[in-house]
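I have placed the structure first, in the form of structure tokens, so that the comments after it can refer back to it.
The values are calculated or read from the model by the stated rules, or taken from the named source; none is laboratory data. All values derive from a computational prediction rather than experimental measurement. Counting neighbours? That spans all protein chains shown, and the Cβs are built from the backbone with ideal geometry, glycine included.
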Amino acid sequence: MMPDPLLDLQFHRDVSLSPAQIWEGLTNPSILMKWFCPRPWKVIECQIDLKPGGIFRTVMQSPEGERMPDNTWCFLAIEPQQRLVWTNEFGPGFRPKPQPKDENLGFFFVVDLRLSPLNSGGTSYTANVMHQSEATKQAHEDMGFQHGWGASLDQLVELTQ
């Protein structure tokens with residue numbers, strides 16, 4: 001993974017969970033719904049078809065009960081317990097999607113998530129999130145990218161321990 005500092009956001013953390021535990025949390029909808037967005041928000045729907053071209057879909061809800069637009073992604077690459085790549089630029093079956101209209105996430109990106117086992121039994125969790133422009137990278141960063149990814153991962157660790 002060769003990040004482009006002008007276009008990519010990176011999130012990295014070493015955690016005590018094994019790659020298998022993280023993989024299960026990422027690919028099992030009933031588990032993913034419990035941790036994938038920072039509290040007090042929650043995931044109220046999740047659909048995963050774990051194959052290249054398969055759907056990865058979540059619906060998030062605010063603490064006030066406001067349902068956010070569906071987040072529908074397409075898996076691009078799957079290496080069990082090692083790597084998961086998805087994008088919102090394509091829908092299931094690699095079908096191109098129209099430009100997102102969501103005022104908060106109105107841009108395309110690709111997530112390349114890598115899991116590497118540590119000698120301690122834990123995992124090095126590294127996400128590279130690639131954007132089309134410096135402006136969309138900045139918009140994603142301004143949304144609280146680092147805090148959101150960190151809080152969510154903390155929730156997975158809490159849930160799994």
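Cβ-Cβ contacts under 9 Å between residues 6 or more apart (or on different chains), taken from a first residue in the stretch 113-140 that is under 27 Å from residue 81 (Cβ atoms) and polar (S, T, N, Q) to a second residue that is surrounded by 14 or more Cβ atoms within 10 Å (Cβ to Cβ) and modelled with pLDDT under 95, are listed as 128/3.
Would you confirm, using the coordinates I've provided, whether residue 25 is buried (at least 16 other Cβ atoms within 10 Å of the Cβ) and of a type outside the set (Val, Ile, Thr)? The answer is yes for residue 25.
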